[in-house]
Structures are given as C-alpha cells and as structure tokens.
Amino acid sequence: MRFTKMQGAGNDYIYVNCFEETVKDPAATAIKVSDRHFGIGADGLVLICPSQKADFFMDIYNADGSCAQMCGNATRCVAKYVYDNHMTDKREIALETRSGIKYIKVTVENGKVVAARVNMGAPVLAGREIPTKFDGDTVVRQKLTVGEKETEVTCVSMGNPHCVVFCDEVKNLPLRDIGPQFENHPMFPERINTEFVKVLSPNALEMRVWERGSGETLACGTGACASVVAAVLNGYCPRGEEITVRLLGGTLKIEWTKEGDVFMTGPAAVVCTGEIEI
C-alpha cells in the first residue's frame with residue numbers, strides 16, 4: 001500500500017489515495033500503520049476517497065482503529081494532498097466528512113499548498129447533541145467529578161465531542177493519568193476528546209489535548225476550535241476576532257464569527273512517502 005505521511009501542527013496521519021489504492025480493513029490498517037514502534041507511526045489513518053456530494057470524501061480512523069467523525073488538521077492536509085498531486089486545481093475545496101461538508105481555502109506558494117483556512121461550521125452546544133448526559137442549551141462551567149476531584153467543564157461539538165477544562169497551567173499536567181478518566185467518563189456516551197487550556201490573553205490560548213482513541217497528540221484542530229468557543233462562552237475571549245491557539249506541535253488561528261461559523265487557519269506539510277505491506 002502506497003502512503004503519504006502528513007502533519008498539521010504536529011497532528012500526524014497516514015494518508016492513502018483510495019482513487020488508486022484499496023484498503024479492505026481500515027480499522028486494522030489504522031492500528032498497524034499508527035504504531036510508532038512496529039508501524040509507520042501516526043495519530044491515525046486517513047483515506048482520501050471519491051464523493052457524490054463534494055470534491056472528495058475524507059474517511060478517518062484513530063490509532064486504536066475506531067472510526068472518527070472529523071479532524072480539523074486532517075482536512076488541511078487532505079486539501080494539500082489533492083492540490084499538490086494535481087487531483088484538483090481548485091483553491092477552494094469542498095470536502096465531505098462524517099460530520100458534513102467542510103470548505104477549505106488553500107494558500108499556495110511555488111505551486112504547493114503551505115496552509116489552509118477551513119470553515120468548520122457552527123459549533124453544537126446542546127448537551128444531549130454533543131453528546132453528553134448534561135441537559136440544557138449549553139454545557140458551560142458544569143461540575144464534573146473525575147477521579148476524586150471536582151472539575152468545571154465546558155462541552156462543545158465541532159463534528160466530534162469535546163470537553164474543555166480551563167487550568168492555571170498545562171505544561172506539567174499528568175495527561176496519561178487523567179486523560180483516560182475524562183475520555184471514558186460515564187457522562188460521555190461516545191467517549192470524549194478533552195482539552196486542557198490556559199488563557200494567556202483575550203486573544204491567545206495555550207492548549208494540550210487528549211484525543212479519544214489516540215491519547216495525547218501534538219495538536220487537534222477541532223479541539224482548538226472547541227477551546228475558542230468555550231473561551232468565548234466563559235467570557236475569556238471575544239467572539240468575532242481571531243484567537244491564537246498554541247499547541248505542542250505548533251499554532252492555529254481560530255475565529256468564531258458573529259454569523260455563527262468557526263474558521264480555522266493552520267499549516268499542512270508532507271513528512272514522507274513510501275510503501276508498506278498490509
């Protein structure tokens with residue numbers, strides 16, 4: 001199987017062009033290629049497929065083989081892949097995902113995509129729709145007992161579910177211990193992605209993320225979007241302005257517009273290409 005490994009702000013996936021390749025068992029393939037010791041090493045597997053509704057369809061699987069609905073960083077990398085490999089000459093690409101069609105505008109330098117701006121759509125805020133077991137139109141500063149500690153959480157869906165926790169510092173948090181406790185908490189019926197966020201200023205956040213099915217990753221595009229939405233809901237950041245989100249793998253720019261949609265701007269890069277036996 002031919003593959004391309006790509007990363008957006010350090011969030012790395014193995015990309016397969018399913019116009020040319022057939023992946024019979026995506027879940028098992030995701031587990032194999034994602035292994036950082038016995039495989040290629042990645043946060044998951046992305047299949048670039050034909051679409052009846054848009055220019056392309058992105059099918060994504062986490063490192064544990066579970067199917068993901070959406071990945072913001074991956075949308076930018078797919079846009080780079082299809083443009084750089086002459087599968088399209090469009091600079092505004094419609095990408096079908098399991099959470100709807102996302103619209104991506106690419107930035108091109110010397111014939112190659114270096115960055116992209118993605119319309120991530122409107123956030124889902126109602127507790128049952130995220131989904132969580134919290135009731136109400138929003139889940140803002142709700143009390144949640146994790147382990148033996150009571151924590152305030154704000155929950156948002158950006159096509160996949162997120163739980164945002166605001167902290168005084170994030171650098172030394174023991175995510176390997178607390179991440180799985182949030183991910184598998186009974187309040188989250190489909191598990192949860194969890195963002196731990198420090199507010200640096202009204203226009204800057206620092207974030208670490210524990211992704212369901214993958215563990216801690218260097219970046220999460222939907223998580224950065226959810227964190228900005230949560231920061232606005234909590235009064236930390238203004239709506240309608242671009243907010244810088246600093247992650248372990250790089251920086252993303254997020255804006256929750258007054259019209260309702262969330263826009264994400266960030267890099268996309270190729271790491272390597274190759275072949276692997278499946």
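Could you give the radius of gyration (one decimal) and Dmax (whole number) of the Cα atoms in the chain, in Å?
Every Cα atom of the chain included, Rg and Dmax give 17.8, 54 Å.
Show me the three semi-axes of the equivalent ellipsoid for the range 200-278, from the C-alpha gyration tensor (sqrt of 5 times each eigenvalue), largest first, rounded to whole Å.
Values for the range 200-278, descending: 28, 13, 12 Å.
So for the chain: antiparallel DSSP bridges make up what percent, rounded to the nearest 5?
Looking only at bridges with both residues in the chain, the antiparallel portion is about 85 percent.
I'd like the orientation of helix 221-233 relative to the chain: the angle between its Cα long axis and the longest Cα principal axis, in ° from 0 to 90, rounded to 10.
Roughly 30 degrees, rounded to the nearest 10.
How much of the calculated P(r) for the range 23-144 lies past 26 Å, in percent of all Cα pairs?
Cα-Cα pairs in the range 23-144 separated by more than 26 Å: 35 percent.
Under a 10 Å cutoff between Cα atoms, tell me which one of Glu109, Glu169, Glu129 has the largest fluctuation in the Gaussian network model of the chain.
Glu109
Identify all lysines with a Cα-Cα distance to Lys112 below 25 Å; exclude those on the same chain that are fewer than 8 residues away in sequence.
Straight-distance partners of Lys112: Lys5, Lys80, Lys90, Lys102, Lys253.
Treat every Asp and Glu Cβ in the chain as -1 and every Lys and Arg Cβ as +1, leave all other atoms uncharged, and give the resulting dipole magnitude about the Cα centre to the nearest 20 debye.
Value, rounded to 20: 280 debye.
Show me 251-262, 152-163 ranked by packing, highest mean number of other Cβ atoms within 10 Å first.
Per-residue mean Cβ counts within 10 Å order the peptides as 152-163, 251-262.
Full extension from Thr251 to Arg2: what is 0.36 nm times the residue separation minus their Cα-Cα distance, to one decimal in nm?
Length gained between Thr251 and Arg2: 86.7 nm.
For the range 79-137, what is the convex hull volume of the alpha-carbon atoms per residue, in Å³?
Convex hull volume per residue, Cα atoms: 86 Å³.
For the residue pair Val114 and Glu92, what label-to-label distance in nm results when each label sits 7 Å from Cα along the Cα-to-beta-carbon direction?
Reported label-point gap for Val114 and Glu92 is 2.3 nm.
Given only helices, namely DSSP H runs of n ≥ 4 each adding -39500 (n - 2.57), what is the per-residue ellipticity at 222 nm of the chain, to the nearest 500 deg cm²/dmol?
Computed ellipticity for the chain at 222 nm equals -5000 deg cm²/dmol.
Mind ranking 80-87, 225-232 by how tightly packed they are, going by the mean number of other C-beta atoms within 10 angstrom, highest first?
225-232, 80-87
Multiply the residue separation of Ile278 and Lys171 by 0.36 nm, subtract the distance between their alpha-carbon atoms, and state the gained length in nm to one decimal.
34.8 nm
Only the coordinates and a few stated rules stand behind these numbers; no lab work does. Bear in mind the structure is a predicted one, so any value in this text is a computation, not a measurement. Using ideal geometry, Cβ is built from the backbone for each residue, glycine included, and neighbour counts are taken over all protein chains shown.
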